[in-house]
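Structure first, then comments.
The values are calculated or read from the model by the stated rules, or taken from the named source; none is laboratory data. Source: prediction; values computed, not measured. The area values use the complete protein model at the heavy-atom level, side chains included, leaving out ligands, DNA and RNA. Shrake-Rupley method; radii C 1.70, N 1.55, O 1.52, S 1.80 Å.
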Amino acid sequence: MSSILPIWNSVYNSMSIMVNCTTPYHTDVNGWRQWLDMLITVGNYPPLDFVVTTLNLQLRYNPGMIIAMPGSALEHVVGYANGNCTCLAYYMWQNVHESVGIPLCNPPHMSDLQL
């Protein structure tokens with residue numbers, strides 16, 4: 001896997017493509033709570049709701065929507081799409097970082113900001 005690193009063109013080390021899928025209430029596994037996952041939707045479907053239960057938040061999940069969130073820290077769910085819905089999910093797995101010897105970053109802290 002380390003031979004791929006010089007040509008890998010994304011900050012994310014993993015990607016999934018989900019087509020016309022519903023997801024149950026869940027938090028993502030293998031991630032790190034400080035990392036943001038990126039969800040991008042494309043297709044032709046009526047509006048869906050993307051629900052982040054941890055924050056009691058309901059977002060309209062229209063085609064073309066981009067959501068960045070820590071999927072390992074926040075429970076979320078997406079309902080059934082009556083149409084053609086594709087989600088491109090970009091995320092990082094801690095074990096991939098460790099297996100190729102890339103150190104994990106420290107979580108951000110207010111003292112890191114230069115005011």
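Stretching the chain fully between Ser14 and His97 yields a gain of 28.8 nm (0.36 nm per residue, less the alpha carbon separation).
In the list (1) 14.5, 50; (2) 16.6, 52; (3) 16.0, 48, the label attached to Rg and Dmax of the Cα atoms in Å as derived from the coordinates here is (3). Among Thr23, Thr86, Thr41, the residue with the largest mean-square fluctuation in a Gaussian network model of the chain, with springs joining Cα atoms closer than 10 Å, is Thr23. Expressed as a whole percent, the accessible area of the chain that falls on carbon and sulfur atoms is 59 (1.4 Å probe). What the phi angles of segment 40-45 give under the Karplus curve with 6.51, -1.76 and 1.60, with θ = phi - 60°, is a coupling list of 10, 10, 9, x, 10, 7 Hz, glycine and proline written as x. Taking 0.36 nm per residue of separation and subtracting the current Cα-Cα distance, fully stretching the chain between Thr27 and Met65 would add 11.7 nm.
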